[in-house]
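Peer 1: I have a structure I would like to understand better, so I am pasting it below and will then ask my questions one at a time.
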Amino acid sequence: MWTAGEGGLRWIFAFTSEEELAAFARVKGVPVDGLPYLTVLDVAVAGLGVAGGVALDVAGAEPMLFPPMRGIVPDEVALDGPMTTTGGL
């Protein structure tokens, strides 16, 4: 799995197809044959151990960045996840 740090976040490079993964690998100079294609993104983001988002098809014609927010990543690792308050009224 490829990741990169930028702006205090860890970004997972994700791809919509094996062809998009292959395009990214070619840009990086990595052999395309036999590259694994991971499809368990929620597990991967939660397992980073730091705030992280998803960089989708970064070498493609329409790259996108998805920040680590609820609805994109699991709530427990989202920057806008459940807030905990202490104290009473």
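Values in this text are rule-based calculations from the coordinates and carry no lab data. Small disclaimer: the values here were computed from a predicted structure and weren't measured. Positions of Cβ are generated from backbone atoms using ideal geometry, with glycine treated the same way; all protein chains shown enter the neighbour counts.
Peer 1: Apply the a/c threshold of 1.5 to the C-alpha gyration tensor of the stretch 3-77 and tell me whether it is rounded, prolate or oblate. Write out the running numbers ahead of the final one.
Peer 2: Numbers: a/c = 1.96, a/b = 1.76, b/c = 1.11.
Judged from the Cα gyration tensor, the stretch 3-77 comes out prolate (a/c at least 1.5, a/b above b/c).
Peer 1: Evaluate the distance, in nm, between pseudo-label points positioned 7 Å from the Cα of residue 2 and of residue 28 along their respective Cα→Cβ axes.
Peer 2: In this crude label model, residue 2 to residue 28 measures out at 0.4 nm.
Peer 1: So who's got an amide H within less than 5 Å of the one on residue 14, skipping anything under 5 residues away but keeping other chains? H placed 1.01 Å off N, in plane.
Peer 2: Hits under the 5 Å cutoff: 55, 56, 57, 58.
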